[in-house]
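Let me begin by presenting the structure, written as C-alpha cells, before commenting on it.
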Amino acid sequence: NKMSRINPSGSAVQKYSIIEPSEPCTRVELSISCENLADKDIFTKSDPMCVVFMRSITTQPWFEVGRTEEITDNLNPNFATPVIVEYRFEEKQFIRFVLVDIDDRANANLEDQDFLGEYETQLSSILTTPGCRVTHNLKLKGKPHRATITIKAEEVVTSKESFTFQFKAVNLDKKDFFGKSDPYLVISRAREDGSWIPVFKTEVIKKTLNPIWKPFEIACSRLSNGDQFRTIKIDCYDWNFNSEPELIGSMETNQSLLTSSEPDTHWELINAEQKSKKKKYQNSGQLVLISCVTRIKHSFLDYIVGGCEINLMIAIDFTASNGDPRVINSLHYCPPNGMSDYEKAIRAVGEIVSQYDSDGIFPVVGFGARYIDQSTRNHVVSHCLELAPPRTIVGIEQVVQVYKNTLSNITLYGPTNFSQVIRWASTEAGADISQDNLHYTILLILTDGVISDQELTKMEIIAASGLPLSIIIVGIGAADFQEMDELDSDDALLSCHGKVAERDIVQFVPFRDFIHQPYEYLAKVTLAEIPTQLTSYMYSKGFVPPQREPVRRETIKSTNKGGFTL
C-alpha cells in the first residue's frame with residue numbers, strides 16, 4: 001500500500017462542454033474518528049493521522065483531497081480537523097481513508113510512516129446512509145482488522161437564499177435622437193480589488209422612459225457571494241442597434257439595504273459625467289423597487305439526505321434497424337465476455353442511479369418490438385412493451401438479464417416511436433407526488449434511429465415538463481441524430497403547436513462519442529444536469545426537503561499534543 005502523496009491525473013471527455021449548473025457540485029465535510037487502532041509504537045501508543053484520497057472514472061489514479069491533524073498517543077482518535085470534498089451526483093466517486101502512525105515528523109513521505117489500516121467506499125454510499133454516518137472495520141494487510149473508522153458527512157453550509165426582484169424606472173433621460181430610450185439594467189457586485197463583476201442583465205424595453213422590467217431571480221451567492229454588505233451597483237443603459245450602449249445612470253447599494261427596502265423605494269440614477277458638466281443636474285431618472293421576495297433554494301443533497309427517492313425507468317429500442325441480435329454487426333449483439341452498447345449504457349446510468357433508489361426496482365419496457373399475443377396467437381407490435389411483470393426487476397444485473405432474454409422472444413420491427421414510453425413514464429412519475437412523498441424519476445431511452453413520431457413526442461415532453469421527470473436519450477450506433485438535438489432544448493424551451501415546456505427535461509447524448517472510453521464516462525455526461533433539474537422542479541412546486549430525525553452530534557475533542565501536520 002503506497003502512502004505517498006498522489007497527484008491528480010486522467011482525462012475527461014473533451015467533446016462535451018457540460019452546461020455548468022448553478023450548483024455544479026456540493027461541498028461535503030467529512031468528520032473522522034477511529035477506535036481500536038493498532039499500536040505500532042514500542043514505549044508509547046500510535047500517533048495517528050487520517051489521509052483521504054479520491055478517484056473517479058475521469059481521474060483514475062488516487063489523489064489526496066485532505067488530511068486530519070495528528071493526534072499523539074491515541075488508539076481511539078476523534079479528529080478535530082474535517083476533510084472537505086466535492087460531491088458530484090453524476091460520477092462514481094471512490095474515496096479511500098488511510099490511517100498512518102506518524103513516526104518521523106521531519107519526513108513528509110507517507111510511505112515511511114507505519115500503516116494502521118484503510119477503508120475504501122463510494123462517497124454516495126456514505127451520503128445515502130441514514131444520518132450520513134458510516135462505521136466500518138479497517139483493512140490491514142488486505143484483511144479486516146478489529147479497528148473501526150467512523151465517517152460523518154455533512155453538507156458545508158453556504159447561503160441558500162435566492163431573491164426575486166422586480167424593478168421599474170421613471171423619468172429616464174432621453175438618449176435616442178428620434179425616439180426615447182431603450183433601457184435595460186446591469187447588476188454588478190464589487191470585487192476586493194475595486195473592479196466589478198456583472199451578475200445579471202435584464203431584458204431591453206424598447207422606446208420608453210418609464211420601463212417596467214420582468215421579475216427575475218438571482219441567488220445570494222451570485223448577487224453578493226454571500227456577503228450581504230458587499231457593494232452592489234445597478235447601471236441603467238440605453239441599448240443601441242449599431243453602436244455601444246450608453247449609460248443613463250447608476251446607483252450603488254448592498255444586498256442588506258436592497259433586500260430590506262420597502263416596495264416603491266426610489267433611488268436616484270446618477271450619470272457622473274453629466275453631473276460634472278451640468279450645474280443644475282439632479283439625476284438621470286429614478287430606479288423603483290416594485291417587489292423583493294426572499295426564498296431558500298435548497299440543494300440537491302438536501303433533498304437526497306431528506307429521503308427524496310430517485311427512480312429509474314428504462315425504454316429499449318427493439319426496431320429492425322438495430323440488426324439481427326445474432327449477427328456480429330447488430331447493435332444488440334453481445335460478444336463473448338463482452339457487452340453490447342445497449343448494455344453498457346444501461347450499466348453506466350443504472351449503477352449511479354441505483355444507489356439512490358431504496359427498493360432497487362426498475363421498470364423496463366421496449367418499443368418497436370413484434371411478439372405473439374398469447375391470448376390471440378396473433379402478431380402484435382408494441383411501442384411500450386413491459387419486459388417483465390410490474391415490480392419484478394430488481395437491480396441492474398436483473399435489468400440486463402431481462403433485456404437479453406427478451407431479444408430471443410421478440411422480433412425486431414418498428415417504427416421508432418417515443419410518445420407512448422414518455423406517456424408511460426409521465427404517468428408513473430406524477431403519481432402521488434406531495435410534500436410528504438417526494439420522488440423524482442429518470443427515464444432512460446436507448447435508441448438507434450430517427451424518431452417516427454417527432455411531433456407527438458414533443459407534445460408528450462411538453463406535458464411532462466411540469467412533472468418530477470427527466471428524460472435521458474442515448475443514441476446507439478451511427479444514425480443521424482440531428483432531430484434529437486431539437487428535443488434537448490438547451491438554448492430555448494421546447495415548443496410545439498403554441499405550447500411551451502415549463503423547463504428543459506431532456507438530455508441527448510450519442511453513445512458513439514464514448515465508444516473508446518470506459519462506459520462510466522457516459523454517466524458523467526448524461527447525469528450532469530439531473531441535480532439542477534430536480535431542484536428546479538422542487539423549487540417551482542414549493543416542495544422543501546423532508547426533515548429527518550436529527551442525529552445526536554458529538555463533541556469532537558482533539559488530544560493532539562504536538563500540533564504537527566505533515
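Odds and ends about this structure:
- Matching residues, region 500-548, being open to solvent by less than 30 Å² (accessible area, probe 1.4 Å) and small (Gly, Ala, Ser): Ala501, Ala523, Ala528
- Residue within region 385-398 that is touching a Gly at 6+ places or on another chain (Cβ under 8 Å), outside any loop (DSSP other than H, G, I, E, B) and under 25 Å from Ser452 (Cα atoms) present: yes
- Hits in region 93-112 - residues which are open to solvent by 10 Å² or more (accessible area, probe 1.4 Å) and outside any strand (DSSP E or B): Asp103, Asp104, Arg105, Ala106, Asn107, Ala108, Asn109, Glu111, Asp112
- Residue ID - farthest from Gln435 (Cα to Cα), chosen from residues in region 259-316 that are hydroxyl-bearing (Ser, Thr, Tyr) and in contact with an Asp or Glu (Cβ under 9 Å, 6 or more places away or on another chain): Ser284
- Among the residues here, Asp264 qualifies as of a type in the set (D, E, K, R), open to solvent by 10 Å² or more (accessible area, probe 1.4 Å), at pLDDT 95 or above and more than 18 Å from Val186 (Cβ to Cβ).
- Scanning region 115-127 for any residue that is part of a strand (DSSP E or B) and open to solvent by 50 Å² or more (accessible area, probe 1.4 Å) turns up at least one such residue.
- Checking the stated criteria, Phe165 turns out not to satisfy the condition of being in a loop (DSSP other than H, G, I, E, B), of a type in the set (A, V, I, L, M, F, W, C) and at pLDDT 85 or above.
- Failed item, numbered, when Glu120 is tested on (1) in contact (Cβ under 8 Å) with a residue 40 or more places away in the chain; (2) out of contact with any Asp or Glu (no Cβ under 9 Å at 6 or more places or on another chain); (3) closer than 17 Å to Ile32 by Cα: (1)
- Test result for Asn417, in a loop (DSSP other than H, G, I, E, B) and either surrounded by 22 or more Cβ atoms within 10 Å (Cβ to Cβ) or on the phi < 0 side of the Ramachandran plot (or both): yes
- The condition (being open to solvent by 50 Å² or more (accessible area, probe 1.4 Å), among the aliphatic types (A, V, I, L, M) and either without any contact (Cβ under 8 Å) to a residue 24 or more places away in the chain or in a strand (DSSP E or B) (or both)) is satisfied by just one residue among Ile328, Ile310, Ile314: Ile328.
- Residues satisfying the stated conditions in region 147-170, i.e. among the basic types (Lys, Arg) and more than 30 Å from Gln286 (Cβ to Cβ): Lys152, Lys160
- Residue, farthest from Thr148 (Cα to Cα), within region 65-76, restricted to residues that are without any contact (Cβ under 8 Å) to a residue 60 or more places away in the chain and open to solvent by less than 30 Å² (accessible area, probe 1.4 Å): Gly66
- Every condition in (1) open to solvent by less than 40 Å² (accessible area, probe 1.4 Å); (2) touching a residue at least 60 places away in the same chain (Cβ under 8 Å); (3) more than 28 Å from the chain's Cα centre (by Cα) is met by Ala369 except one, and the failing one is (2).
Here is a yes/no grid of residues against (1) under 19 Å from Asp341 (Cβ atoms); (2) modelled with pLDDT under 95; (3) open to solvent by less than 10 Å² (accessible area, probe 1.4 Å); (4) of a type in the set (A, V, I, L, M):
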| site | (1), (2), (3), (4) |
| --- | --- |
| Asn409 | no, yes, no, no |
| Ile422 | no, no, yes, yes |
| Ala425 | no, no, yes, yes |
| Ala431 | no, yes, no, yes |
| Leu443 | yes, no, yes, yes |
| Met459 | no, no, no, yes |
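- Residue list for region 169-192, restricted to those being surrounded by fewer than 17 Cβ atoms within 10 Å (Cβ to Cβ) and assigned to a strand (DSSP E or B): Val170
- Unmet criterion (only one of (1) hydroxyl-bearing (Ser, Thr, Tyr); (2) under 30 Å from Ile515 (Cα atoms); (3) over 33 Å from the mean Cα position of the chain (by Cα)) for Thr319: (3)
- Residues in region 77-92 that are in a strand (DSSP E or B) and open to solvent by 30 Å² or more (accessible area, probe 1.4 Å): 3 in all.
- Counting only residues that are of a type in the set (Ser, Thr, Tyr) and more than 29 Å from Cys25 (Cα to Cα), region 203-223 holds 1 of them.
- Within region 281-307, if we keep just the residues that are buried (at least 20 other Cβ atoms within 10 Å of the Cβ) and aliphatic (A, V, I, L, M), the residue that is nearest to the chain's Cα centre (by Cα) turns out to be Leu301.
- Some residue of region 333-350 being surrounded by 19 or more Cβ atoms within 10 Å (Cβ to Cβ), touching a residue at least 40 places away in the same chain (Cβ under 8 Å), in contact with an Asp or Glu (Cβ under 7 Å, 6 or more places away or on another chain) and not in a loop (DSSP other than H, G, I, E, B): yes
- For region 428-443, the count of residues that are under 17 Å from Ile361 (Cβ atoms), out of contact with any Cys (no Cβ under 9 Å at 6 or more places or on another chain) and assigned to a helix (DSSP H, G or I) is at least one.
- Inter-residue pairs, beta-carbon under 9 Å, first open to solvent by 40 Å² or more (accessible area, probe 1.4 Å) and in region 45-64, second modelled with pLDDT of 90 or more and not in a strand (DSSP E or B), 6+ apart: Lys45/Leu37; Lys45/Leu75
- Highlighted here are the strands (runs of 3 or more DSSP E) found entirely within region 196-260 that include at least 2 residues which are free of Cβ contacts under 8 Å to residues at least 60 places away in the same chain, open to solvent by 40 Å² or more (accessible area, probe 1.4 Å) and out of contact with any Cys (no Cβ under 7 Å at 6 or more places or on another chain): 196-201, 231-238, 246-254.
- A single entry from Arg133, Arg146 fulfils the requirement of being open to solvent by 30 Å² or more (accessible area, probe 1.4 Å) and either within 30 Å of Asp235 (Cα to Cα) or modelled with pLDDT of 90 or more (or both): Arg146.
The values are calculated or read from the model by the stated rules, or taken from the named source; none is laboratory data. Just so it is clear, the structure is predicted and the values come from calculations on it, not from any experiment. As a convention, Cβ positions derive from the backbone with ideal geometry for all residues, glycine included, and neighbour counts pool all protein chains shown. To get the accessible areas, we keep the full protein, side chains included, count just its heavy atoms, and leave off ligands, DNA and RNA. Shrake-Rupley method; radii C 1.70, N 1.55, O 1.52, S 1.80 Å.
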